[in-house]
Amino acid sequence: MILYDGKYWESSFQDEILKELESKINETRRKPRLALELVLNAAEKCKEDFVMGKMDFLKEELTKKDIQAIQQLFPLLDKENLRKRVELELGEMIQPDSNYELRRVPLGTLFHIAAGNQDGLPAYSVLEGLMSGNINILKLPSVDHSLSISILYHLIEIEPKLKDYIIVFDTPSSDSQAIFKMAEMADGLVIWGSDQSIAAIRKQAPLNAKLIEWGHRISFVYIDDFQNKEKEMIELAEHVAWTRQRLCSSCQVIYLNSDSLLEAEKFIEEFLPILDKAFLKDGLSMNEQGEMMLRRYTDHLCQVMEKENNQGKIYWGKACSILLKEDKTLEGSGIHNQILVKCLPEKEIVTCLREKKGILQTVGLICAQENHERLVNLFVQSGINRIMQVSHMSSVNVFDSHDGEFPLSRYSRIVKIEKFKNE
């Protein structure tokens, strides 16, 4: 399905629309700049409609977790929150020279290539483009559940003037010719996704397009000391079970401030029943059940053949598992119902994490108050962008940066204009 000129079109119209899209975009760019207040009012009304149940028809296509994730986005659509965000990210320009004016303007046209790990995120990426005054072309991810295109269609229903600033295609990633045509029309390519996806787009991208990459990031938990062990273990278990390692902010590795595997084994023995309870509460999909059965069988065969599992030592619960590894490398677990546990003494934090520089995102920090600032400084120096309590690792805040940068400023440019002199 395509959203163009404020209407839905069948995917078969893609080539026809692409032929006229450049002239349509240029026509829009000749108009006065998109008014911020118009965008903020539409976002606020969209939030109100969600709360009032006007978008409940989407629930048939979404899981309970998807719906909970969408509800977390409501504050991100609040008009006053968005206004404060614009003030924070696109503050008033300081004018250092009386002979010239510095003016912040939109890049022009953004081409959003969205990832599919969180429903609704593609629509929010377009909203950020609208807030910075840009025309937006969105390529939906293949796994999109129609939520994003439905939200954007509803925004246009609320404010018809937005129809010239929102174009959505469901083009498959394999259609490189169509993707290149979209990219050619853009002043900036907003790329969400894995390292492989970004590398593929880089090869296809026109040389004159600005690349704005919000790529794959990795997060973890670091346990120095518990303040309230039972509470903090439950919060950690609920985070792991809820996110299933799907998000950039999901815990992939639990690091212990220790160099003792015996301490790690003791932690796992305490934590596994709590983690198992959290997974059983949420339930396992058929795929997860099958995957876990096969992994248990493989591990059992290794034991029968008196071979060590080359992955590490696996501790099995009914609905999840914990893998204890001797190395310190920060890595993805690769399995939705398995978490990694490793030892990482404080003195080795910077050395270990710098191996992943550029892709670090969140650390969920569990420590005593007197150690907090010291550990925070180590993580900042390592390149971490978010240092949170475990229960807030995947929380969404309207004032968050993306990977340590404010997106609205990256979606704009600075123009220098010499003032007119009447001689």
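The values are calculated or read from the model by the stated rules, or taken from the named source; none is laboratory data. Keep in mind that what you see is a predicted model, and the values were worked out from it rather than measured. Glycine also receives a Cβ, built like all others from the backbone with ideal geometry; neighbour counts cover every protein chain displayed.
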Review point. Going by the structure shown, is ILE349 buried (at least 18 other Cβ atoms within 10 Å of the Cβ), over 17 Å from the mean Cα position of the chain (by Cα) and in a helix (DSSP H, G or I)?
Key: yes
Check your understanding: Just checking, which of ILE339, ILE414 is on the phi < 0 side of the Ramachandran plot, outside the structural domain of GLN245 (by TED's automatic domain parsing) and part of a strand (DSSP E or B)?
Key -> ILE414
Exercise for review: Could you check GLN361 against (1) under 18 Å from the mean Cα position of the chain (by Cα); (2) crowded, with 16+ Cβ neighbours inside 10 Å; (3) more than 27 Å from LYS231 (Cα to Cα); (4) not hydroxyl-bearing (Ser, Thr, Tyr) and say which number it fails?
Suggested key: (3)
Exercise for review: Would you check if there is a residue in segment 249-258 being touching a strand residue (DSSP E or B) at 6+ places or on another chain (Cβ under 9 Å), assigned to a loop (DSSP other than H, G, I, E, B) and surrounded by fewer than 19 Cβ atoms within 10 Å (Cβ to Cβ)?
Suggested key: yes
Review point. Out of curiosity, is ARG296 in the same structural domain as SER333 (by TED's automatic domain parsing), of a type in the set (Lys, Arg) and at pLDDT below 80?
Key: yes
Exercise for review: Considering only segment 387-420, state which residues are at pLDDT below 80 and either exposed (fewer than 15 other Cβ atoms within 10 Å of the Cβ) or within 19 Å of ASN81 (Cβ to Cβ) (or both).
Suggested key: SER395, VAL396, ASN397, VAL398, PHE399, ASP400, SER401, HIS402, GLY404
Check your understanding: List the pairs whose first member sits in segment 90-102 and is farther than 12 Å from GLU418 by Cα, whose second member is at pLDDT below 85 and of a type in the set (Val, Ile, Thr), and whose Cβ atoms are under 9 Å apart, counting only residues at least 6 apart or on separate chains?
Key -> none
Check your understanding: Does LYS342 satisfy the condition of being buried (at least 17 other Cβ atoms within 10 Å of the Cβ) and modelled with pLDDT under 95?
Key -> no
Review point. Out of the residues in segment 176-212 that are within 16 Å of ILE137 (Cα to Cα) and among the acidic types (Asp, Glu), which is surrounded by the fewest Cβ atoms within 10 Å (Cβ to Cβ)?
Key: GLU184
Check your understanding: Given ASP66, ASP97, ASP56, which one is of a type in the set (Asp, Glu), buried (at least 16 other Cβ atoms within 10 Å of the Cβ) and modelled with pLDDT under 90?
Key -> ASP66
Practice item. Examine segment 367-378 for a residue that is outside the structural domain of SER194 (by TED's automatic domain parsing), modelled with pLDDT of 95 or more, crowded, with 17+ Cβ neighbours inside 10 Å and closer than 18 Å to ARG217 by Cα, and state whether such a residue exists. Key: no
Study note, to complete from the structure: Within segment 373-411, of all residues that are of a type in the set (D, E, K, R) and part of a loop (DSSP other than H, G, I, E, B), the one nearest to ARG354 (Cα to Cα) is ASP403
Point to revise | Count - residues of segment 185-239 that are within 26 Å of ALA123 (Cα to Cα) and assigned to a helix (DSSP H, G or I) | key: 11
Review point. Would you call THR329 modelled with pLDDT of 60 or more, exposed (fewer than 14 other Cβ atoms within 10 Å of the Cβ) and under 14 Å from TYR255 (Cβ atoms)?
Key: yes
